[in-house]
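Please read the structure below before turning to the comments.
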Amino acid sequence: MKWEQRSEMKYDFDKVINRRNTYSLKWDVKENELPMWVADMDFETAPEIKEALQKRVEIGAFGYSVVPDGWYKAIESWWMRRYGFEIKDEWLQFCTGTLAAVSCAVKRMTNVGDNVVLLTPVYNIFFNSVENHGRRVLESRLVYKDGSYSIDFDDLEKKLSNYITTMLILCNPHNPTGNIWSREDLAKIGELCQKYNVTVLSDEVHCDLTEPGEKYIPFASVSEACKNISITCISAAKSFNLAGLQSAAVCIPNEALRNKMIRGLNSDEVAEPNFFAVEGTVAAYEKGEEWLEELRKYIAENKKTAADFIKAEMPEITVVNGKATYLMWLDCRKIAENTTELCQFIRKETGLILSEGETYRGNGNGFLRLNTACPKSSLTEGLLRLKKAIK
């Protein structure tokens, strides 16, 4: 398997970390199994972040924490520097995780029985956040053509205009397809949601993980309409492999929406940081940028290698043209109508664990999701196992 030539890197992403027997959601599997499913990287985080957390450990007394001014400044500087989006202190609220914020927003911004629109296929846990609280998912299916997805705005407007539709959950960039929504797409979404009084909950946790040369656009930055109807979830968790620290933020420019959301987060007891949450985030945004840039290059190489290998060795599979996230969305409809059964077969025959597309709804029943955020040796092993199972 050929790899792209690259300049010498400061950070070692080829290093294999043994995560077995560490209470890992991803790696608590049989010895012969190779998990490449959940959106969790197998790389050590940036050493600058490790150092900051180790200094925190040395304090030795792990009591209650508060959110310092430095947390706000680190986030605001990152978004202004990288994306030209000015965020104000009062717009930000700490939260213990993106999904906690999503569920809180559903409960606070909608009523039982309301419709919440999702652009499907989309991150499967969104469905739980909606349906577990007595709301109804209203799918606006993305259009799939020539290996790419786009929004059917006629269908979206129809769903938004329903009198009991009160929220749209947007994934920007999109998981699992890897789409980076254009400024025009985001502006149109904002225009339609403002027209029909629909709040937009925008999950932007994959925002830093675009391919080199590609940048995402924050939904709230596109227009006044987008800014005034939006609740944005942001976090260093995906970008720097910090999900276990349970640290995120919600950005809400609209004061009325913000007051409701802050009350909800406090009522749900998810607005206070653990001892390490703030430190990890601040270190990531203040000291982790060089590490992130090398990570983006490494993941881009992994994705290209995987796409080339699949095209050459498994031409029955089509790789979707996503430009963001470290996840690959694979069209397997020429092989199996039901990829849930295919996933089970692959795991049984080879030990490779992938995500079945059915859980993402939309047209996901014919797709698999593969995580490429791992050392090249692991990716090679995963691709060989996939080839064996497909053949």
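The values are calculated or read from the model by the stated rules, or taken from the named source; none is laboratory data. Note that the coordinates shown come from a computational prediction; the quantities given were computed from them, not determined experimentally. Quick reminder, even Gly has a Cβ in these numbers, built from the backbone with ideal geometry, and neighbours come from all protein chains shown. Ligands, DNA and RNA are excluded from the accessible area calculation, which covers all protein heavy atoms including side chains. Shrake-Rupley method; radii C 1.70, N 1.55, O 1.52, S 1.80 Å.
Here the calculated FRET efficiency for LYS323 and GLU293, from their Cβ-Cβ distance with R0 = 25 Å, stands at 0.95, rounded to the nearest 0.05. Given R0 = 41 Å, the distance between the Cβ atoms of ARG82 and LYS334 translates into a calculated FRET efficiency of 0.55. Calculated accessible area for the chain comes out at 44 Å² per residue, all protein chains present (probe 1.4 Å; ligands, DNA, RNA ignored). Between TYR64 and GLU349, the distance separating the two model label sites (each 7 Å from Cα on the Cα→Cβ line) works out to 5.7 nm. Place a point 7 Å from Cα of ASP89 in the direction of its Cβ. Which residues in region 276-303 have their backbone N less than 14 Å from it? Label zone hits: none. Element breakdown for the chain at a 1.4 angstrom probe: carbon and sulfur atoms account for 46% of the accessible area.
Taking amide H positions as modeled 1.01 Å from N, with prolines and chain starts lacking one, the residues under 5 Å from MET167 and 5 or more places away or on another chain are VAL117, THR199.
Would you mind checking LYS88/LYS287; LYS287/LYS376; LYS107/LYS195; LYS15/LYS88; LYS88/LYS195; LYS304/LYS387 for any pair whose Cα atoms are more than 28 angstrom apart? Pairs exceeding the cut-off: LYS15/LYS88. Under the classification rounded if a/c is under 1.5, otherwise prolate if a/b is larger than b/c and oblate if not, where does region 85-222 fall, given a ≥ b ≥ c as square roots of the Cα gyration tensor eigenvalues? Cα axes put region 85-222 in the rounded bin. Reducing region 1-79 and region 291-323 to their Cα centroids gives an inter-centroid distance of 22 Å.
With each label modelled as a point 7 angstrom along the Cα→C-beta vector, the LYS391-ASN21 pair spans 3.4 nm. Given R0 = 30 Å, the distance between the Cβ atoms of GLU214 and ASN162 translates into a calculated FRET efficiency of 0.30. Under the criterion of Cα pairs below 8 Å and six or more residues apart, the relative contact order for the chain equals 24 percent. Shape class for region 209-263: oblate, because the ratio a/c of the largest to smallest gyration tensor axis (alpha-carbon atoms, square roots of eigenvalues) is 1.5 or more and b/c is at least a/b. Pairs of Cα atoms in region 195-333 fall into 5 Å distance bins, from 0 up to the last occupied one, in shares of 2, 9, 14, 16, 16, 15, 12, 9, 5, 2, 1 percent.
Show me 137-149, 17-29 ranked by packing, highest mean number of other Cβ atoms within 10 Å first.
So the order, starting with the most tightly packed, is 137-149, 17-29.
Each of the peptides 54-64, 170-180 was scored by the mean count of other Cβ atoms within 10 Å over its residues; in descending order, highest first, they stand as 170-180, 54-64.
Given an 8 Å cut-off on Cα distances and at least 6 residues of separation, report the relative contact order of region 331-391 as a percent. Computed over region 331-391, the figure is 35 percent. Taking a ≥ b ≥ c as the square roots of the eigenvalues of the alpha-carbon gyration tensor, the chain is classed oblate because a/c is 1.5 or more while a/b is no larger than b/c. For the residues GLY357, GLY70, GLY190, a GNM of the chain with alpha-carbon springs under 10 Å puts the largest fluctuation on GLY70.
If the segment from ASN266 to VAL57 were pulled out straight at 0.36 nm per residue, it would be longer than the present Cα-Cα gap by 72.6 nm.
The simple spin-label model puts a point 7 Å past each Cα toward its Cβ; for ASN132 and PHE275 those points are separated by 2.8 nm.
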